[in-house]
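I have placed the structure first, in the form of structure tokens, so that the comments after it can refer back to it.
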Protein chains: 8
Amino acid sequence: MKVYLSGEIHTDWRDQIVAGAVGLDVEFSAPVTDHAASDDCGVAILGAEPDKFWHDHKGAKLNAIRTRAAIDAADVVVVRFGEKYKQWNAAFDAGYAAAKGKALIVMHGADHQHALKEVDAAALAVCETPQQVVDMLRYVQNGTLPS
Amino acid sequence: MKVYLSGEIHTDWRDQIVAGAVGLDVEFSAPVTDHAASDDCGVAILGAEPDKFWHDHKGAKLNAIRTRAAIDAADVVVVRFGEKYKQWNAAFDAGYAAAKGKALIVMHGADHQHALKEVDAAALAVCETPQQVVDMLRYVQNGTLPS
Amino acid sequence: MKVYLSGEIHTDWRDQIVAGAVGLDVEFSAPVTDHAASDDCGVAILGAEPDKFWHDHKGAKLNAIRTRAAIDAADVVVVRFGEKYKQWNAAFDAGYAAAKGKALIVMHGADHQHALKEVDAAALAVCETPQQVVDMLRYVQNGTLPS
Amino acid sequence: MKVYLSGEIHTDWRDQIVAGAVGLDVEFSAPVTDHAASDDCGVAILGAEPDKFWHDHKGAKLNAIRTRAAIDAADVVVVRFGEKYKQWNAAFDAGYAAAKGKALIVMHGADHQHALKEVDAAALAVCETPQQVVDMLRYVQNGTLPS
Amino acid sequence: MKVYLSGEIHTDWRDQIVAGAVGLDVEFSAPVTDHAASDDCGVAILGAEPDKFWHDHKGAKLNAIRTRAAIDAADVVVVRFGEKYKQWNAAFDAGYAAAKGKALIVMHGADHQHALKEVDAAALAVCETPQQVVDMLRYVQNGTLPS
Amino acid sequence: MKVYLSGEIHTDWRDQIVAGAVGLDVEFSAPVTDHAASDDCGVAILGAEPDKFWHDHKGAKLNAIRTRAAIDAADVVVVRFGEKYKQWNAAFDAGYAAAKGKALIVMHGADHQHALKEVDAAALAVCETPQQVVDMLRYVQNGTLPS
Amino acid sequence: MKVYLSGEIHTDWRDQIVAGAVGLDVEFSAPVTDHAASDDCGVAILGAEPDKFWHDHKGAKLNAIRTRAAIDAADVVVVRFGEKYKQWNAAFDAGYAAAKGKALIVMHGADHQHALKEVDAAALAVCETPQQVVDMLRYVQNGTLPS
Amino acid sequence: MKVYLSGEIHTDWRDQIVAGAVGLDVEFSAPVTDHAASDDCGVAILGAEPDKFWHDHKGAKLNAIRTRAAIDAADVVVVRFGEKYKQWNAAFDAGYAAAKGKALIVMHGADHQHALKEVDAAALAVCETPQQVVDMLRYVQNGTLPS
């Protein structure tokens, strides 16, 4: 089972899921989570841009080579919305995954519930914690529920 | 040409585009922009829910009948990000449209540039004003530039 | 908007929806609802079969020419489960429509809730009455809620 | 060859097929067949629901992560209709598989023949016993008929 | 309903179907049935070829512009196998239509039954006469059986 | 029949085809053929760019809104290679059309034959003159050859 | 590279290709070539049929489980037309493969050239001997031509 | 990660990329780069043609068996435009890859910038050197930037 972990990059939620899923036959993928590298990859490789828009544009497209291939290959796409920032790229990934027919799991706190209702409506599961994602992956793969 | 106008519902940007496009052979569609109706449509028709999550869930799914059909039918999807709110549904629509191969136009102010870089990277045009959308639709259809 | 009305053929639920939707820009389609004609169409046109299996087989395939084209062309597929019979063809249509990415509305009484949970989980709306279908179609098309 | 075994969970038909297919290069998949776990998985992981509809809804969607991925990956989908219950999920799976272009094998007793005629009409084979499924898988893979 | 009439071009079966379907809302299409024009169209327009293979190749490709567009647009593809010639193009069209998910009707005499078993197995109806095709189209469209 | 006319914009080949096709039921589309407008459309509407790369980039993407929608809608794509310039956009359109399964007609002089062999190999017809395109469209639609 | 070998089952052309391709990284698949088993597989496993049409129908559908999966998985489909029989299933496979976008190689003697012109027109190569198929597979994989 | 290297065959840019990517988990594919073999493969295997058009046609189609399968299997398609020749096949590959939704990287010198603007507009990255391609592949796979 291939699982793509999209969204928030400032907490260790991905590590918690990967650690919790030890023993399962799951292959995880994710965007580059080094914030600086992710922001500057375009100009670092393809040349500097004086205009911030094109600076970001080159980087976002280069990152898209990684993220779209990973989402296209995934069986399950988990999208985490954290407490900070606009996180429009996370919502974009959710829409992209939904249109591609991927099984979508959305993870967010209760305070974001109303603002995320359209995203949640496209999901097969909505949860709050990494442990719930692990429990779901284990159930989906082995049929066993947490005791 | 079918154009879907996604995103912000609290300003009159859709009206400006529709007014500006008079004389063009364009058919516009949009989500329900009556905020109260959009929020409550699910329970109003399908029965009340004590839990706000399911209240919103019913509404978001009912709205999806309209929005997905409209995006699927569109040649061009314009997504407007305004000044307020999370607007994750707008970013979701952008991701959905990108995955479906729709021509994507994103409209937003300069202050949102960095946060929207992944969305902009998937677009065929990024602009700031309704007039620019009108100018693009006229050029795409007639080949004439604004004088 | 094209709406396919699948399922139960022994009550007048289709007529109620069509009557209620007068004034909306909706084009309805449905299977052949003449039970005898639907059962015997294959042998009536293509020749008798001594074996009931092939008698039914010829008819079911001939009916499929109509039903699959209609579902494939539909924006919305409404599937009604009535009180009687196995109605496996209704559930089959729901699965077929879900796989084709159609907006699915399921209509059934409360007593069938548990048995239909997988079908309901694939739907964008679950309701009980023809009036609710009409209300949804009006809302989806015009954005107006029942007063 | 990947074979998904859908439908009835109260008899040992899956075990018979798996045992009979020893020596063939077949990879079997199936839904979670622990009835209690399957019914309660949603609330066990994602939180209790006072309303039975949403209790079932959460579970059905979580199960769909497993079943849709398995059907999407399958070359052959075998759907078994047993003697009891409505089994609408089995018919839903058959419709879903048919729309996805999967090779469909339907297994049921003679008494269900008329009610399943639309499902049978979409199948490449209709049979009654697990042994027949094994014989078909062997023939399809090795070209050898039962002696 | 769009119906493509493929196969034999030496009898008037197409005319019989078109005449019989008067009053139905059916749009018929067909290959070019002028045998000489069909054979020579390539070289007549694109220049002579000394090698018969390329003479035929140019013509077959030019005809494919018409036939593939017509099959792609059709809801129903009727393939007629006559008494003479190899008619491999008819079988090719049947395979092409089957792969595109078109409703396939095959028409042939009883003597061709065994040789056409794979083609018939992909069809939703197998018949012998133009009248049967008309009867099916009328039933599929209006639900009425021949009296 | 929808026909997209791609490629060279410095001769009147499109006009010749449109004039020759009078009386046929053909709807033609084409890129914007005003060279200056096509080059500058991006910056004229979306703002100036000091870097020629982004100047061109904005324009090429805006033009793509028109050209991709037109190719996607076309039944036949005619690609004309003229005597001058690199014309890589014409070859790009041919590849795009081939991948989308469009009927491809390539038009070019004999001197380009070897360099265009991969493009020609994907075409259903290769010709040299607008008149040949008209003759093919007439034959494809009416079955009549030039006298 | 996966190569499906369709068509004639009465000569050893498949064995010649497999033997010639030793050393290449090619995985071959084919229909069941035991003529008796292929004809009778349906009734042998699923029960006798008094009517020859249904006898053949059951067998043809069971064989389709194998052949369609193999063609769908193939990169290259080779279709051989021999000297005898109608071989409509070979032409059907060619049409099916063409519609699925498979690379098609057609093999036949010169006497069938005119009758197969539509099939040949859909192919990427037309040849006469198994050695030519082997030479092509070697060239496609290794870039080496026969010395 | 599967990467197809399309375009120029007269410099060693492919070797540079393959050498630079040692240690990455990348599988490279490419067209046959032996110019003489590529030009003559068709007639060498399938028989001589007196007409240069058909000589080239046979070769181009045989090469297409390799190139289309490789592009269809690729995650990333790199297209290199060199200093010489028309290179329409490179632009054709770029259009084909874009329509198939592949991640497209275009490599060319600054002098080709304007002529390639439509091709560049479809790319996720535009670069000049093999080292930049290697740096991108490393970043996409490992998230590490060149130091």
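The values are calculated or read from the model by the stated rules, or taken from the named source; none is laboratory data. This one's a predicted model, so the numbers in the text were calculated from it and none came from an experiment. Backbone-built Cβ (ideal geometry, glycine too); neighbour counts: all protein chains shown. To get the accessible areas, we keep the full protein, side chains included, count just its heavy atoms, and leave off ligands, DNA and RNA. Shrake-Rupley method; radii C 1.70, N 1.55, O 1.52, S 1.80 Å.
Pairing residues of the stretch G:57-83 that are under 20 Å from G:K117 (Cα atoms) with residues that are charged (D, E, K, R) and in a loop (DSSP other than H, G, I, E, B), at Cβ distances under 6 Å and at least 6 apart in sequence or on separate chains, gives G:V77/G:K102; G:R80/G:E8; G:G82/G:E8. Being part of a helix (DSSP H, G or I), modelled with pLDDT of 95 or more and within 25 Å of G:A110 (Cα to Cα) is a description that does not apply to E:D135. Every listed requirement among (1) closer than 25 Å to F:D93 by Cα; (2) within 13 Å of the chain's Cα centre (by Cα) is met by H:P130 save one, (1). Kindly establish whether F:A37 is in contact with a Ser or Thr (Cβ under 9 Å, 6 or more places away or on another chain), part of a helix (DSSP H, G or I), more than 9 Å from chain H (Cβ to nearest Cβ) and farther than 26 Å from E:T33 by Cβ. So F:A37 passes the test. Return yes when E:H55 is closer than 30 Å to F:D25 by Cα and either touching a Lys or Arg at 6+ places or on another chain (Cβ under 9 Å) or buried (at least 18 other Cβ atoms within 10 Å of the Cβ) (or both) and no when it is not. So E:H55 passes the test.
Only one entry in F:L145, F:L116, F:L62 is closer than 21 Å to E:S29 by Cβ and among the hydrophobic types (A, V, I, L, M, F, W, C), namely F:L145.
Taking the stretch B:30-40 as the range and being touching a Lys or Arg at 6+ places or on another chain (Cβ under 9 Å) and open to solvent by 40 Å² or more (accessible area, probe 1.4 Å) as the test, only B:T33 passes. Residues considered: F:H57, F:H35, F:H10. Of these, the only one that is within 25 Å of A:E49 (Cα to Cα) and of a type outside the set (A, V, I, L, M) is F:H57. Inside the stretch H:1-26, residues that are within 22 Å of A:A70 (Cβ to Cβ) and open to solvent by 70 Å² or more (accessible area, probe 1.4 Å) make up a count of 3.
For the stretch D:109-123, a tally of residues being more than 7 Å from chain C (Cβ to nearest Cβ) and in a helix (DSSP H, G or I) returns 3. Can you tell me which residue within the stretch G:94-108, out of those that are in contact (Cβ under 8 Å) with a residue 24 or more places away in the chain and facing another protein chain (nearest Cβ under 7 Å), is farthest from the chain's Cα centre (by Cα)? Ranking the candidates gives G:K100 first. For B:A94, the criteria (1) open to solvent by less than 10 Å² (accessible area, probe 1.4 Å); (2) under 30 Å from C:Q131 (Cβ atoms) hold in every case but one, which is (2). Mind listing whichever residues of the stretch E:13-34 are among the polar types (S, T, N, Q), part of a helix (DSSP H, G or I) and within 15 Å of E:K2 (Cβ to Cβ)? Answer for the stretch E:13-34, where residues must be among the polar types (S, T, N, Q), part of a helix (DSSP H, G or I) and within 15 Å of E:K2 (Cβ to Cβ): there is none. Provide a single number: the residues in the stretch C:2-47 that are on the phi > 0 side of the Ramachandran plot and in contact with a strand residue (DSSP E or B) (Cβ under 8 Å, 6 or more places away or on another chain). Number satisfying all stated conditions: 1.
Consider the stretch G:47-93 and keep the residues that are in a loop (DSSP other than H, G, I, E, B) and within 9 Å of chain E (Cβ to nearest Cβ). The one that is nearest to the chain's Cα centre (by Cα) is G:F81.
Restricting the first member to the stretch F:127-147 and to residues that are at the interface with chain E (Cβ under 8 Å from one of its Cβ atoms), and the second to residues that are part of a helix (DSSP H, G or I) and not aliphatic (A, V, I, L, M), the beta-carbon pairs closer than 7 Å and six or more apart or on different chains are F:Y139/E:C41; F:V140/E:R66; F:T144/F:R138; F:L145/E:C41; F:L145/F:Y139; F:P146/F:D135.
For the stretch F:116-142, residues that are of a type outside the set (S, T, Y) and open to solvent by 40 Å² or more (accessible area, probe 1.4 Å) total 6. Flag not set for A:V43, criterion: outside any helix (DSSP H, G or I) and more than 9 Å from chain B (Cβ to nearest Cβ).
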